[in-house]
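**Q** Sharing a structure with you now.
The values are calculated or read from the model by the stated rules, or taken from the named source; none is laboratory data. From a predicted model like this one, the values you see are computed outputs, not experimental measurements. Ideal geometry is used to build each Cβ from the backbone, glycine not excepted, and the neighbour counts take in all protein chains shown.
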Amino acid sequence: MDLQLKGKKALIFGSTGGIGLSIAKSLISEGADVYINGRTEDKCARICDEIKAKGFYAGDLTEKGIAKEITELFIKDNGALDILVTNTGGPKKGNFLDVDTEQWNTDFQSLWLSVVDSLHAALPQMEKQNFGRVLLVTSLAAKEPLPGLTTSNGLRAGLAGLVRSISNEYASKGITLNLILPGYTNTERLQALNLSEEKIKELVPAGRLGEPEELADLATFLASPRAAYITAQSIAIDGGVLRGH
Ligand SMILES: NC(=O)c1ccc[n+]([C@@H]2O[C@H](COP(=O)([O-])OP(=O)(O)OC[C@H]3O[C@@H](n4cnc5c(N)ncnc54)[C@H](OP(=O)(O)O)[C@@H]3O)[C@@H](O)[C@H]2O)c1
């Protein structure tokens, strides 16, 4: 299938490692012009070189306004923005009473406001083009709370509602917005949790972790012109963890 991604301009936040990096590589392999993001210039430059991305915009998404600044700069530099992928590092763990207001503010900024900020800049441009693909990488926590991930459980469920609302406004303008909900996926973040094989089998009906490349395959299709009739969806890629949602 020709995904018609050649020359499409893509900005992928949180893409020097893990899931974001796999999405970047996959879009590059389909001929898209991909720009990556991470917190530091050095790592962005190294990964950009390694995967042959078109460029990078370094910036920390826990900082107020940075996602809007980067998205505006991307549009100024490229004159177009076809594909926007929002993604960032996962939040700290903590049960409800362990999470203070400062932590809520930090996580609200990085998981929620960075998405709103980049959309404020991206949607008017996509509307002018009569084309746009927006993908939000969130978590299965959006549908089923994960133990100890209080801010993720709360904020990500809300983001799904927000995207359904925005999709309604933009569905007739060639712009789709969808959420990808990773399950237990084999990245550095998950490796740090040191889950035993037995634990993984207990948690995941498929009996194994997901590979970031599997998630990237889905993202690449959703980012393509071929996926024009799919919008406002929260799609889990989780080996069967979510059932009945
Ligand atoms: N892996 C899983 O099993 C899983 C499951 C459910 C949900 N998720 C969610 O999916 C997202 C990606 O997870 P992952 O496993 O791919 O994580 P990861 O391996 O830790 O990669 C995170 C990426 O985001 C970048 N990043 C981190 N903090 C950032 C910040 N403040 N500003 C800009 N970029 C930042 C990192 O780059 P730098 O280090 O260069 O800044 C890196 O490229 C997370 O939000 C996570 O909660 C993951």
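**Q** Select from region 54-110 the residues that are of a type in the set (A, V, I, L, M, F, W, C) and within 18 Å of Cys44 (Cα to Cα) and list them in ascending order. Please lay out each step first, then the result.
**A** Let us first name the residues in region 54-110 that are of a type in the set (A, V, I, L, M, F, W, C), namely 56, 58, 61, 66-67, 70, 73-75, 80-81, 83-85, 96-97, 99, 104, 108.
Those that are of a type in the set (A, V, I, L, M, F, W, C) and within 18 Å of Cys44 (Cα to Cα): Phe56, Ala58, Leu61, Ile66, Ala67, Ile70, Leu73, Phe74, Leu84, Val85.
**Q** Next question. Can you pull out every residue in region 56-93 that is at pLDDT 95 or above, more than 9 Å from the ligand (Cβ to nearest atom), surrounded by 15 or more Cβ atoms within 10 Å (Cβ to Cβ) and not in a helix (DSSP H, G or I)?
**A** Phe56, Tyr57, Ala80, Leu81, Asp82, Ile83, Leu84, Val85, Thr86
**Q** Which residue, of Asp82, Asp107, is farther than 11 Å from Leu11 by Cα and among the charged types (D, E, K, R)? Before you say what the answer is, go through the steps one by one.
**A** Working: Asp82 fails: farther than 11 Å from Leu11 by Cα.
Step by step, each of Asp82, Asp107 is checked, and only Asp107 is farther than 11 Å from Leu11 by Cα and among the charged types (D, E, K, R).
**Q** For region 6-28, enumerate the residues that are under 17 Å from Glu41 (Cα atoms) and touching a residue at least 60 places away in the same chain (Cβ under 8 Å).
**A** The answer is Leu11, Ile12, Phe13, Gly14, Ser15, Gly17, Gly20, Leu21.
**Q** Considering region 94-110 alone, what residues qualify as being assigned to a helix (DSSP H, G or I) and either within 27 Å of Leu5 (Cα to Cα) or of a type in the set (D, E, K, R) (or both)?
**A** First pass over region 94-110, keeping only residues assigned to a helix (DSSP H, G or I): 96-98, 101-110.
If the condition is that a residue be assigned to a helix (DSSP H, G or I) and either within 27 Å of Leu5 (Cα to Cα) or of a type in the set (D, E, K, R) (or both), then Asp98, Glu102, Asp107 are the ones that fit.
**Q** Report every pair of residues separated by at least 6 positions or lying on different chains whose Cβ atoms are under 7 Å apart, first residue within region 212-231 and more than 16 Å from the ligand (Cβ to nearest atom), second modelled with pLDDT under 95.
**A** Final answer for the pair search is Arg226/Met1.
The rows are residues; the columns are (1) within 16 Å of the ligand (Cβ to nearest atom); (2) surrounded by fewer than 22 Cβ atoms within 10 Å (Cβ to Cβ).
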site: His120; (1), (2): no, yes
site: Gly132; (1), (2): no, no
site: Leu136; (1), (2): yes, no
site: Leu149; (1), (2): yes, yes
site: Val163; (1), (2): yes, no
site: Ala171; (1), (2): no, yes
site: Leu179; (1), (2): yes, no
site: Tyr184; (1), (2): yes, yes
site: Leu203; (1), (2): yes, yes
